[in-house]
1. Could you list Val107, Val70, Val100, Val21 so that the one with the fewest beta carbons within 10 Å of its beta carbon is first and the one with the most is last?
2. Rank Asn194, Ile227, Phe8 by how far each Cα sits towards the positive end of the charge dipole of the chain (+1 on Lys, Arg Cβ; -1 on Asp, Glu Cβ) and give me just the farthest.
3. Name the residue from Asn82, Ile109, Thr35 whose Cα lies farthest towards the positive end of the charge dipole of region 1-147, charges +1 on Cβ of Lys and Arg and -1 on Cβ of Asp and Glu.
4. Could you calculate the FRET efficiency of Ser201 with Thr143 from 1/(1 + (r/R0)^6), where r is the beta carbon distance between them and R0 is 25 Å, rounded to 0.05?
5. So which trypsin sites (Lys or Arg not before Pro) in region 181-235 pass both tests, a DSSP loop state and at most 15 other Cβ atoms within 10 Å of the Cβ?
6. Quick one: dipole size for the chain, taken about the Cα centre, charges +1 on Lys/Arg Cβ and -1 on Asp/Glu Cβ, in debye to the nearest 20.
7. Sketch the reach of a paramagnetic label on Lys27 as a point 7 Å from Cα along Cα-to-Cβ, and name the residues of region 177-219 whose backbone nitrogen lies under 17 Å away.
8. Given the rule -39500 (n - 2.57) for each run of at least 4 DSSP H residues, summed and divided by the residues of the chain, what is its mean residue ellipticity at 222 nm, to the nearest 500 deg cm²/dmol?
Amino acid sequence: MTDLKNNFLYIIPCRAGSQRVKNKNFKDFGGSNLTQIAIDTILGSNESKENIIISSDSNIAKKIAKENKVLYHKRSQKLASNSAKTTDLITDLFENFNIVNKYKYIVLIQPTSPLRETLDIKKTRELIINENKNSLITITNCTFSNPDYLYELNHGKLKKIIKDNKYLKYNAEKLFFRNGAIYITNTNFFLKNNNFIDSKSLCFYRMPLIRSINIDTYDDWEIAEEIYNAKKNIL
C-alpha cells in the first residue's frame, strides 16, 4: 500500500445504464466483467480494499462491492443520468463519506478500459508523486492522424476533412489522445476547483494503443475482449 502521506482513493464509476453496449459494466467479459477487472487491477497494484469505492445505481455493482469488501456509493437518479457529470458524483461521494482529509489524491478508474494493467497504476502513482503535480492523465499516440486518411461522411458522400496540413502529416508522432484509462488529481485541487484536470500542473503517462481501448461500441468490446483473452491465455 502507498505511504499514508500520499494516500490514493480509487473511484470506479459504473452506472447501470449504457447507451451503446447494454449493461456493459456487468455483462460477461472474458469470464469476468469490466467492474471486477477494474477492482482486480487496482488490488494487484498493492492497494487496500478500503481505498476503493464503486459508485453506481446498480444492485449488481452493490453486490460486487460487497463480495470484494470495497466501499459502495449509491448514486441518485440524477447522478445516474446520461447528462450527469463525473465531478458531480465525486462531490456527492465526498459529502456522503468522511474521507476529505484522508486522501491526498483521487484516482478515477473507468471500467471501460479493461486492458489497463497494474503496472500502469503503479507507474502513474509514482509519477504524480515524483513530479509533484496536481493532475495526471494517460495518453496514447495518434496513429491515424495523417490528414490523407481523414474523411467526413455526409449524406452518403465522403469528403476530405483536411486537404493540406503539413504539421499533422509530418509530426504525427507528436500527437496524442487522452485514452481515459487513468485520471489522478490532487484532492484539495478538486475540492477548490470542481475540476479533475489542472492544465497548469499536469503530468502525463504514455500507454501503448493495445492497452488503450476504451469500450464505447460493440466493435470496441469485441476487440478488447479478444486481446484480453489472448493475454490471459499467455499468462
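1. Details: Val107 23, Val70 20, Val100 11, Val21 17.
In increasing order of surrounding Cβ atoms, one gets Val100, Val21, Val70, Val107.
2. After comparing all options, I get Asn194.
3. Asn82
4. Working: r = 29 Å, r/R0 = 1.15.
For R0 = 25 Å, the calculated efficiency reads 0.30.
5. Working: sites: Lys192, Lys200, Arg206, Arg211, Lys231, Lys232; in loops: Lys200.
Loop-located and lightly packed - Lys200.
6. Numbers: 36 positive and 25 negative charges, 74 e Å.
The calculated dipole for the chain is roughly 360 debye.
7. Inside the label zone: 214-219.
8. Working: 7 runs with 74 residues, N = 235.
About -9500 deg cm²/dmol.
Every number here is computed from the coordinates shown, using simple stated rules; none is lab data. These figures come from a predicted structure and were not determined experimentally. For neighbour counting, all protein chains shown are included, and Cβ atoms are generated from backbone atoms with ideal geometry for every residue, glycine included.
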